[in-house]
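A short worksheet on the structure shown next.
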Amino acid sequence: MRTVTKIYSLLVGLLGLGATAWSVWALFIDGPIVWSAQNIGTFLLLLLFCWLCCCLPLYIRPDCTVDLSFISILASALLLGPEAAVVISAVSFPLVVVPAPDGGGYQHIFNTSPLKTLFNIGDHALSYWAGGLAYYLVGGVPGDITLPGVLLPAALFILAAMVLNAVLALLYFVFESRVKFFPAIFQMFLSLLPSVACAAPIGYFLSLLLRTSAGIWVSLLFMLPLLLARYSFKLFLSAKQQQYSMVKAFTAALEAKDTYTKGHSSRVGVYAVRIAEEMKLSPKLVQRLQTGAIFHDIGKIGIPDAILQKPAALTAEERAVIQTHPATGVEILRNIDLFQDIIELVRHHHERYDGGGYPDGTAGGELPLEVYILGAADAYDAITSERPYCHGRSPQVAAQILREEAGRQFHPEVAEVAATLAESGALARCVEEPSEVALC
């Protein structure tokens, strides 16, 4: 961890502890809440629910999780005030024990960096504290959950908390030099939005239940269908992950067959993402490109080794066999739901802008921009990599080739952006220091 990141983490953690201390004072000593038996039970139930949800995350990817804890956070803010949300979050987090994403044991406070734990506590505490400021600014009153009056305070609490949480978390990675603030902030915010949007109505319904005379007991029953829904979604994610792992295994098998192109797909993915970001493509298209790059050559698994590993130029007949790999790749991916959106990339990554490519001979605007980005990234890696029949050339030479072939092999705008990045050394650096963060 870099020094600037340590200082930033410590600052966020200390500010978060300050916000937590202030919230404890405002909630238990100087606040309007009367701590009746029902309110105490409500607080403890929401604390339990928050902790339980944090202990049962769903791994979208090894570096990205979602959980249902925001249901409890929103309900606590509506019933007991935003200060309760800060306190519940700060108390829950150090007690969380979660399975490691690789299945090897558990992650908890005793095997996690203290500074990382402090940062995470501070991040959430400050986010909910900022949400509380927005909540009170528009007249939010703890315990008043009547409609439609509660909608605006609740919406601003959610929005302010989401924005600050995304900014604080993203700045951590910016200081680690692993990601650019723009457009990553929009990607992070948009990735948070669906889970929060789904959790918010449930949080409101939970607060309604807790207002009833038997609310605590009914809410305990309310948790059961939520846990069932989580289990069903976990099964869905597991099936998706198995599909992804299966095709990744094909890619690994391909690289084992063709040692000269080992790491090719990963490098092409990095180059394509860098070019796409420079051209201001949306985060969704960038993610599509990254996935498409990983699997763009999957069809080569069906090419005979004698052709794939030939240490010399191919004959016309052998080249015709090689040119079947995009169609073969499509056949491999066609029946896998997870990869339907990248089939176009896999099929057309060898098409030329002038129509002289394969397998379909499409040209110009007949294909989306991301296909041409993948083609340029693929070509750049081929030019700069060592092959048995060709020595790797410098990024400057690759940039010259990209510009010479603009309007012929390559999309003119894509070729210019890729050439400029190559000349500046940006493409080489993004492989030497790849982003380790996939934001969620």
Filtering the range 134-155 for residues that are surrounded by fewer than 19 Cβ atoms within 10 Å (Cβ to Cβ) and without any contact (Cβ under 8 Å) to a residue 40 or more places away in the chain leaves a count of 12
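Looking at 179, 196, 163 in this structure, which one is more than 29 Å from residue 223 (Cα to Cα) and either modelled with pLDDT under 90 or in a helix (DSSP H, G or I) (or both)?
On the way: 196 fails: more than 29 Å from residue 223 (Cα to Cα); 163 fails: more than 29 Å from residue 223 (Cα to Cα).
Unique residue meeting the criteria: 179.
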Within the range 352-382, residues open to solvent by 20 Å² or more (accessible area, probe 1.4 Å) and of a type in the set (A, V, I, L, M) come out as 363, 369, 382
Per the list (1) without any contact (Cβ under 8 Å) to a residue 12 or more places away in the chain; (2) within 30 Å of residue 243 (Cβ to Cβ); (3) assigned to a helix (DSSP H, G or I), residue check on residue 335 breaks on (3)
Within the range 33-45, is there a residue that is touching a Ser or Thr at 6+ places or on another chain (Cβ under 9 Å), open to solvent by less than 40 Å² (accessible area, probe 1.4 Å), small (Gly, Ala, Ser) and part of a helix (DSSP H, G or I)?
no
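The values are calculated or read from the model by the stated rules, or taken from the named source; none is laboratory data. These numbers come from a predicted model, not from an experiment. We place every Cβ from the backbone using ideal geometry, glycine too, and count neighbours over all the protein chains shown. Heads up: the accessible areas ignore ligands, DNA and RNA and are worked out on the full protein's heavy atoms, side chains in. Shrake-Rupley method; radii C 1.70, N 1.55, O 1.52, S 1.80 Å.
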